[in-house]
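So the structure is just underneath, and the comments pick up after that.
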Amino acid sequence: MRIHTYEKLWLVGALVLIVGFIATVTYGSVGLGISMIDDSGGTLSPNAVDDDGRFAEPRVEQVGENEYEAYVVASQFIFQPDPIEVPANSTVTFYVTSADVIHGFSVVGTNVNTMAIPGEVARLTVEFDEPAEYGLICHEYCGAGHHTMEGQLIVLPEDEYEPGGNA
Amino acid sequence: MSTFVDEYPTEARVIRMAFWSSFVALTLGAVFGFIQALHRTNVVRVIDSTDYYTVLTGHGVFMVITFSIFFLVGVFQWAVTSSLERGPVDIRFTWSWYGVMSLGTTLVAIPILAGFTDATDMSADVLFTFYAPLQAHPLFYIGLVLFVIGTWLAGADWFLTWWTWKDDHPDERIPLPTFMVLTTMIMWYISTIGVAISILAFLLPWSLGLVDSVNPLLTRTLFWYFGHPVVYFWLMPAYLLWYNVLPKLSGGRLFSDPLARVVFILFILLSTPVGIHHQYLDPGIAEGFKFIVMTNTMFLLLPSFLTAFTVVASIEHGARQRGGEGYFGWLGALPWRDPSFTGMALAGLVFSFGGFTGIVNAGMSLNYLVHNTFWVPGHIHTQVGTAVALTFMAGAYWLVPQVTGNQLASRSVGLFQVVLWFVGIVFMTNAMYRGGLIGIPRRTAEPQYQGFEYEPLVGSIAELDAQVALGGTLLFLSAILFLWNMLLTAFNSGSEPVVDGSLPPALSGPEDSPRILDNLKLWTALALVLILLAYSMPLAGIVQDGGLFGPNVDAFPVFVDAVSTAVDATVRRLPLESIRGLIT
């Protein structure tokens, strides 16, 4: 096949660029440890959310010295618990599910972001350093009241934090 | 000068009808887009926020399904007929697929538009992605199926034409425009299997009440199996125009026919096994599968990089034929007063910028930052809303005179229109991209929240809103100018088309490439293997974990939403159980 010399150079350059992109993304996953939302949260019928030990009472629970687990239920058009309160300098694993339709779970201004799909439990682990107040929004269309679906995520100073205070 | 309509009058009639259908959809889509741009930015609100999603569904479906696909079947019919120099085997079959597509589109439009009135429960406020368990009226799904079947029949028509042509030309290479149509249709057949299964096996029976539950992750995954290649289905006719028409408009010819074939083969191979990159943040799909589609997606950049080279080289060749000189001086020798050339060139420019934003989307871990933010419609509007739509409009200025036999009503208005579109899209999408980076979501009537405020890195929210509203207004005006120009052209009878429809052969022709490139069966088989590798395990995992019909998931017909929104204000802080009692 006859290919012009310039075109060959361009082809090689494009391939190098593509491999470079893949390498940077791989570094992000392996080197920096940014893992993707996966199937480790398991499945749960949206009709069984109210009877499930984790989600019947949506809450934040302490599970280790600086480790917490947050069980969050998204439904038309609220998040529970609201606000979600966690202490600074903690590692929080969120378990997010939906009780009805597909929702989004996005902490504004951060990369804490997942889909909440009925039937599935999303699991993501986040480190919180500084005290802060964040908006929490649903970013997937979930019905006519979608634009009212918001909550708050508050990172409290460690000495002001009471475990289970927002159950 | 003999034009297309003189040589193929019956085929030209089908193409005209496809174009007019497309332009009707563009009219509706443009009005809806204008309403949205002003509503979300809180500049002018002529509808309730609850109706915003009806408008949004209409904008999505009428623009990306009806406008683009009706236009592309017209382009493809022109490309096959003119490059094989023969009409369809039976024109009645050609009319039948046009009829099935039109019926499908009408059935889809009825429940969408019924969403505006309370007189009926009928509604389809499910957006063009129709994620279950939000449920549309059955007509919506039936219409979509019919529309897709219409496109399948259209593809069959073009394959039949090619097979009969092959009998008469046993040793000839497939002419490039027809090669592009056939490869695009192979990609389309493979990818629409996903949406066909999703609708026929799950969503339609479920909307009719035949099954109680669906697996939302499964239907969503099947949608995206189709949802990414559909983007290339919109884009390939634009590529066809860039490869075949744009070099000629620049005064030259295509640089390389072999590379053009390679590009389209790469699209058959790589368009489909990438759909999960829309689901990077979905639970229920293992990280390894996401990594596989990320690498596939990055390699999908290759055909677009090759296109950038070939198309720009062809344009440069044209400019030098016209007397252009110097490293960049040749740019001045291009026919910038021709709306077809300028429109396509600007569309290509926007496409290359938008391509880089697509790399951000595809970069798995970066996706956390932009997923479902305003960045994403920014990307869509540069790629589909400009690379595709603006190329189609520019192409219409060249094609419509040929299929009507009428002179374009106004070239200068056409030129103004394509530039106006470019300016509008720059205003609108740069604000969308920037808004997305600070977390402003897509798909919402009111991105104005109670509990917090967005903090732009530079500028202000008011400035971003102003740019979106201004950009949206310019785009709407541009669309109206285009449609008006087309309407006047349709009635401009008695004039001469003054368009030279002949296409010169490529500088490096098909004889410079191996014949294996034309072995469509081989590429189809390879594509299926890649899809099996990318999809069999994730789909098996989803079905194994959640079941084929999901873990007992209730339906949420969208007309219930009006009720739930009414009670929403009062029950926002009540426990979950009491809210559900109220809405079901």
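Every read-out reported here was derived from the displayed coordinates using simple, explicitly stated rules and does not represent laboratory data. Since the model is a prediction, treat every value here as computed from it, not as a measurement. Virtual Cβ from ideal backbone geometry, glycine too; neighbours counted across all protein chains shown.
Could you give the distance between the Cα centres of the range B:283-316 and the range A:104-128, to the whole Å?
So the two Cα centres are separated by 27 Å.
How high is the relative contact order of chain B, in percent, with contacts defined as C-alpha pairs under 8 Å that are six or more residues apart?
Taking the mean separation of contacting Cα pairs over the length of chain B, I get 20 percent.
Among B:183, B:374, B:113, whose Cα sits farthest toward the positive end of the charge dipole of the protein assembly as shown (+1 at Cβ of Lys/Arg, -1 at Cβ of Asp/Glu, about the Cα centre)?
B:183
Divide by every residue of chain B the summed helix terms, -39500 (n - 2.57) for each DSSP H run of at least 4, and state the resulting mean residue ellipticity at 222 nm, rounded to the nearest 500 deg cm²/dmol.
Dividing the helical sum by the residues of chain B leaves -21500 deg cm²/dmol.
Only Lys, Arg, Asp and Glu count, each charged at its Cβ (+1, +1, -1, -1), so figure out the dipole size of the protein assembly as shown about its Cα centre, rounded to 20 debye.
In total the dipole reaches around 3120 debye.
Let a ≥ b ≥ c be the square roots of the eigenvalues of the Cα gyration tensor of the range B:473-524; is it rounded (a/c under 1.5), or, if not, prolate (a/b larger than b/c) or oblate?
Here the range B:473-524 falls in the prolate category.
Only Cα pairs within less than 10 Å get springs; with that Gaussian network setup on chain A, which residue of A:81, A:118, A:131 has the largest fluctuation?
A:131
To the nearest 20 Debye, how big is the dipole of chain B about its Cα centre, given +1 on the beta carbon of each Lys and Arg and -1 on that of each Asp and Glu?
Computed about the Cα centre, the dipole is about 480 debye.
Among DSSP beta bridges whose residues both lie in the protein assembly as shown, state the antiparallel percentage, nearest 5.
Bridges in the protein assembly as shown are about 65 percent antiparallel.
Please give me the summed charge of the neighbours of residue B:252: other residues whose Cβ is under 9 Å from its Cβ, Lys and Arg +1, Asp and Glu -1.
Net charge in that neighbourhood comes out at +3.
Dipole size in debye (nearest 20) for the range B:1-172 around its Cα centre, Lys and Arg Cβ +1, Asp and Glu Cβ -1?
460 debye
Before anything else, pin down the relative contact order of the range B:336-499: Cα pairs under 8 Å, at least 6 apart, normalised by residue count, whole percent.
Averaging sequence separation for qualifying contacts and normalising by length gives 33 percent for the range B:336-499.
Relative contact order for chain A: what percent, with Cα pairs under 8 Å and sequence separation of 6 or more?
23 percent
Just want the answer: with Cβ charges of +1 for Lys and Arg and -1 for Asp and Glu, which residue in B:156, B:38, B:359 is farthest toward the dipole's positive end in the protein assembly as shown?
B:156
Under a cut-off of 16 Å between alpha-carbon atoms, report the lysines in cross-link reach of residue B:166, not counting same-chain residues fewer than 8 places apart.
B:521
How far apart, in nanometres, would the label points at residue B:110 and residue B:171 be if each is projected 7 angstrom from Cα along the Cα-to-Cβ direction?
Distance between label points: 5.6 nm.
Of the options B:437, B:421, B:408, report the single residue whose Cα projects farthest towards the positive end of the charge dipole of the range B:336-499 (beta-carbon charges: Lys, Arg +1; Asp, Glu -1).
B:408
Springs between alpha-carbon atoms under 10 Å, Gaussian network over chain A: tell me which of A:48, A:74, A:122 tops the mean-square fluctuations.
Ranking A:48, A:74, A:122 by mean-square fluctuation puts A:48 first.
Mind checking which of A:77, A:128, A:21 has the largest fluctuation in a GNM of chain A, springs on alpha carbons under 10 Å?
Highest fluctuation of the listed residues: A:21.
Setting aside same-chain residues fewer than 8 positions from residue B:290, which aspartates and glutamates have a Cα under 16 Å from its Cα?
Counting by Cα, and skipping residues close in sequence, residue B:290 has these aspartates and glutamates nearby: A:38, A:39, B:282.
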